[in-house]
Amino acid sequence: MRVSIGINSVLVAAIATTASASSFATSVLSYDAGSNAVAGYSDASTALGSAERFTGEGIFPSGVTPFNPAWGTDELVSVGSGGHLSLGFNTAITNNAAHAFGVDLIIFSNAGFADTTWTDADPSNDGTGFTGSNPFIFGSGGAATVQVSADGINWITATTTTLDLFPTLGYSDFVDATPFSPGSVESDFTLALDPSLTALDFADMSFTDLRDFYNGSGGGVGIDIASTGLSSASFVRFVNNSGEAFEIDAVAVVPAPGALMIGSMFGLGMTRRRR
């Protein structure tokens, strides 16, 4: 009985590790900084791999939260007007109606909620994190035209959107809006939030409210590729046709529901054996 539990535990860990490792962009196909990219943010390889959970190492180290987005030059790449960034994936982006909210990929940038505790009349709560009655999101930059491709040659536009909701949350157990050490429970960068929500839906939320609302998700801008007509894609391109630069931290592929079910089945098996 103990052996069975151990084997299943290893299998679950292997599934989780594989999904995590293959969920993000793995290669840069091409990059053009454009005319007004932010100086110092020109390393396209920073868009590969996982979104940031902890930022500012060596300067001002702090956890990534909806009030404290990633900002390091080794964490973001800037795409200015007329520029583009094309990324490749080892795991296909699939158009799957069973994905939560229809979201097939999730984009992470450096947008964040303005913390109104710094401007209210009470100095005792400065920096604790509060969206206020009219939430303002900073750092989203210009609109990004998001395109996908099956072959890296023929591109189809999925949408044009600002990279604002939802600002990244690195750990689900952070207790402060600007924590100075990593958490112990990593958020899920492949777990989508409802893209129909707007900034006003987050009015008068504290950091704790936001963290709990994310409910384990790491945030990010959810994209549905259904409008492209593609059943799957292996490449994503961000084109900047706006007058303002935007920054990319990472892009995550939403896993197939079948893979999640396998994990759930193993988990259920372990529960039954323990009982």
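Coordinate-derived values only; no laboratory data. Since this is a predicted model, take the numbers as computed values, not measurements. For neighbour counting, all protein chains shown are included, and Cβ atoms are generated from backbone atoms with ideal geometry for every residue, glycine included.
Sorting 38, 175 by the number of Cβ atoms found within 10 Å of their own Cβ, with the fewest placed first, yields 175, 38. In summary, the range 86-228 shows an alpha-carbon radius of gyration equal to 1.15 times the 2.2 N^0.38 Å reference for compact globular proteins.
So how strong a dipole does the chain carry about its Cα centre when Lys and Arg Cβ are +1 and Asp and Glu Cβ are -1, to the nearest 20 debye?
Details: 8 positive and 26 negative charges, 301 e Å.
Computed charge dipole of the chain: roughly 1440 debye.
Evaluating 6.51 cos²θ - 1.76 cosθ + 1.60 at θ = phi - 60° for every residue in the range 182-198, the Karplus couplings come out as x, x, 10, 10, 5, 6, 9, 6, 10, 9, 7, 9, 5, x, 7, 6, 10 Hz, glycine and proline recorded as x. As a proxy for reagent exposure, ranking 77, 146, 185 by other Cβ atoms within 10 Å from fewest up yields 185, 146, 77. In terms of Cα atoms, the Rg and Dmax of the range 21-124 work out to 16.6, 51 Å. Neighbour counts of other Cβ atoms within 10 Å put 225, 156 in the fewest-to-most order 156, 225.
The helix-only estimate of mean residue ellipticity at 222 nm for the chain, built from DSSP H runs of length n ≥ 4 each weighted as -39500 (n - 2.57), is -5500 deg cm²/dmol after division by the residue total.
Counting every C-alpha pair in the chain, the share spaced more than 35 angstrom apart comes to 18%.
So what's the net charge close to residue 49: Lys and Arg +1, Asp and Glu -1, counting the other residues with Cβ under 12 Å from its Cβ? Display every interim value, and only then the final one.
Values: positive: 53; negative: 52, 74, 75, 249.
Charge balance in the 12 Å sphere: -3.
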